[in-house]
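Notes follow once the structure below has been shown.
Every number here is computed from the coordinates shown, using simple stated rules; none is lab data. Quantities reported herein were computed from a predicted structural model and do not represent experimental measurements.
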Amino acid sequence: MKKYWIDIVLALAVAALFILHFQPSGKNAAPATSDDTAAASASLIDSQIAYIEIDSIIPNYHMYINLTAELQTKQNQKEADLNTKAQKFQADVADFQNKAQKGLETRAKLEEMGNALSEREQQLAALQQQYAMEISEEAQVINRKVLQSIMDYLAVYNESHHFHYILGTSFGGMILYSDKSLDITREILDGLNKTYDETAK
């Protein structure tokens, strides 16, 4: 679940850095020289950069907590519904086997019952797959909503802070080192939760 939006944030950050600082301008631009590279590096260093730790933001963001709690409730309801149907099916299978062993139904009737049970088994498998797909799709929608909410907040936040880049880091991600003095995770998380809580009221 997490991996999806982490990859998006990091890919956007890396793409922006590449385009703005390392891509040559014009179709026939000359290869970058050491002076060009040094200038690009200096420009990058002079840029106002901050970062947030995605692994700390997401699980503590009230929006994510609430939406995933709602999704968990839906998942529990679907699992309960599926379990109820499965238990009824197992009971009917046991009844069928009992009647077949004791000869309590005609051969034609047993064949009809067996076909009906086989069809129900297929329906249960299809329902299980449908429920799994629905939960997976809703989880992806939640991830996109949360990511969009964070990006929207950062845009508003940056109107008064004027960073050139706000990057997202995560354990095992593409950013392997970051200066803690550039970490604005707590400030962003507090702002996100305050904004979300006020909107939720």
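Tabulated data for the structure shown
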quantity: Zero-based 5 Å bins, Cα pair distances in region 141-201, whole percents; calculated: 3, 14, 24, 26, 20, 9, 3, 1
quantity: Tail weight of P(r) past 22 Å, computed on alpha-carbon pairs of region 38-147, percent; calculated: 61 percent
quantity: Globularity ratio of region 71-125, using Cα Rg and 2.2 N^0.38 Å; calculated: 1.44
